[in-house]
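Below is one structure, written out as C-alpha cells; comments come after it.
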Amino acid sequence: MNNELSLIQKFEQHVYENIIRCGFFLSQKDTAGVAVSGGADSVSLLISLAELGKVYGFSIKVVTVNHNIREENETSGDALFVERLCKDLNKNGCNVTCRIFTIPKGKVLGIAEENALSIEESARNLRYEIFESFIKEESLSFLALAHNKNDQIETLLMRFLQGSNTAGMSGIRMSRDCYIRPLLDVSRSEIEEYLRLKDVTWRTDSTNFDCRYLRNRIRNRLIPFLNENFCGFETALLSGAQKALYDEECLSKFVDKKLWHYENNKLVCERDSFFKSEKAVQLRNLQNGLILFGKKIRFPFSLLNDFITNGIEKSSYSVEFSDLKIIADQNTICIKNKELVATDLIFFAIIKEDCNLCFPFGTVHCSVDDGVARIILEWENNSFEMEKIPVPFCIRSIQSDDKVLCSNGEMKSVLDVFSAWHVGSEKKKLIPVIQELASCKQNIIAVAGCVCGFDNWIVRG
C-alpha cells in the first residue's frame, strides 16, 4: 500500500515539477486549464492537476471538444464521460469546471474540403481555435495538453519517415506560449498504472487501431518490432531529438524575418539577399515565406531542394506544387498562387517499379516485390496504404466514364460515388483513381477519396 501511495505521489509531483519547468508557478490566484478528451493521457493529467489543486489552491477549467466526426454514441459519449468525471472531482473537494464545445456536424469536413486539408488537420485547426478562445475567456494561466513520451516517440519516427529537417526531428516541445505538456516525458504505461492505482477509468478512441493512418501503423506495427529487435532505440531517438533541438535553435537565429514583403498578391524578396546565405538557411527562409504566404500544405523537400540547387545557377527557374509556384528571376524570388487551367489538374502515371512521385494531391511512394506493389499515398500529415497491387498499374485523375465494381456485382459511375460523397468540382480533379493494367479488364481497384477528406472506394478480391 505504501508503495502504491509512493507511485501516485511521484506521478503527481512530477507533473507539478514539469509545470514549473515550463515557467508556471501554481498558487490560489491561478486558473489552470486542461484539454481532456476522455483518453487515459488527458484523464491522468486532469486527475493529477485536481490533486495538486487541492494542495496549492488553484482552480481548474476543463475544455473538451466534440468534433462530430466519429459515431454519435462514441464522440458524444467521450464528452459526457469528461463532464461526469469533473462533477465527481468537485464532489471530492476539487475546484473543477467543465465546458463542452460541440462542432456542428459536417463543419470539420466542410473546412477540410474548402482548404484542401485532411479531416484530421481540419479538426486540429478547429480544436486550437476553440482552445485560443477558451484561454482568453477563462483568463487561464496556461492550458495543459496531454502529449506523452509515447506520442513523442511516434512523432519522431513519423517525421523521420517523412524526411523532416532538424525542426521536425526536434520533436514536440514541452511548452509553447501558454500551452504546456507536463506528461511529455511520462510513458503511457506509467500513465495507465497511475490511473489503475487511483481506480479511475478512461475512454478508448476506436480509430487508434485503424492502420490506414501512418501514426497508427507506427504505434501498432513499427514500435513493437523495434522494441523486440532494437533494444534501447527509444533512448537513442530521444537523444537525437535533443541534439536536433540544439541545432535548430542555433539555425533559426539566422532566419531573416524581414526578408519577404508583399507585392501585387505575391510574396517577394531580393534574389541576392536570398542566395547569399547557406543552403540550410535558404531552406528555412523559403519555408518561412510559405508560412507567411498562409499556405498550410507541406511543400515537398525534394522540390525546395531542387529550387535552391538550380535557382542560383540559372537566371530564371521555378518549381510548382499544388496551387503554389516559387519563381527565381534575375532580381527576385517570389511565391505566388499558380494560375490553374483545366489541364493542370489532369495527372497520369504508369507504375512498373519502385518509385516516388509527386501529384497535385500529394506524393506516392511505391515498392514492388515479386510482381506486386505496395503504395503509400501521403498528403498533409496523413497517409493511406494499399498492398498487393499487380504491376503494372496507373494512378490518374478521374475521367467522366469511369466506373467501379460494387459489392453486388454491378458497376457504378465514379461521378455518382462523388455525388454521394458531396465532392465539390475542384476536389474531383484532385482525387486519384488506381487502375490495374495487368489484366485485359483494366478495372479501377480504388478511389482514394481520403486525400481530400472523403471515404475510399476499395474493390475487394
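The values are calculated or read from the model by the stated rules, or taken from the named source; none is laboratory data. Small disclaimer: the values here were computed from a predicted structure and weren't measured. Glycine also receives a Cβ, built like all others from the backbone with ideal geometry; neighbour counts cover every protein chain displayed. Each accessible area value is taken on the protein alone, full model and side chains, heavy atoms only, with ligands, DNA and RNA left out. Shrake-Rupley method; radii C 1.70, N 1.55, O 1.52, S 1.80 Å.
Numbers at a glance
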item: Lone unmet requirement of (1) at pLDDT 85 or above; (2) open to solvent by 60 Å² or more (accessible area, probe 1.4 Å) for A144; result: (2)
item: Residue in the range 33-50 that is in contact (Cβ under 8 Å) with a residue 12 or more places away in the chain, open to solvent by 80 Å² or more (accessible area, probe 1.4 Å), more than 21 Å from T201 (Cβ to Cβ) and out of contact with any Ser or Thr (no Cβ under 7 Å at 6 or more places or on another chain) present; result: no
item: Matching residues, the range 438-451, being aliphatic (A, V, I, L, M), out of contact with any Asp or Glu (no Cβ under 8 Å at 6 or more places or on another chain) and open to solvent by less than 40 Å² (accessible area, probe 1.4 Å); result: A446, V447, A448, V451
item: Spans of helices (runs of 4 or more DSSP H) in the range 163-257 with at least 3 residues free of Cβ contacts under 8 Å to residues at least 12 places away in the same chain; result: 223-229, 233-251
item: The range 372-418, residues that are within 15 Å of A438 (Cβ to Cβ), open to solvent by less than 40 Å² (accessible area, probe 1.4 Å) and not in a strand (DSSP E or B); result: V391
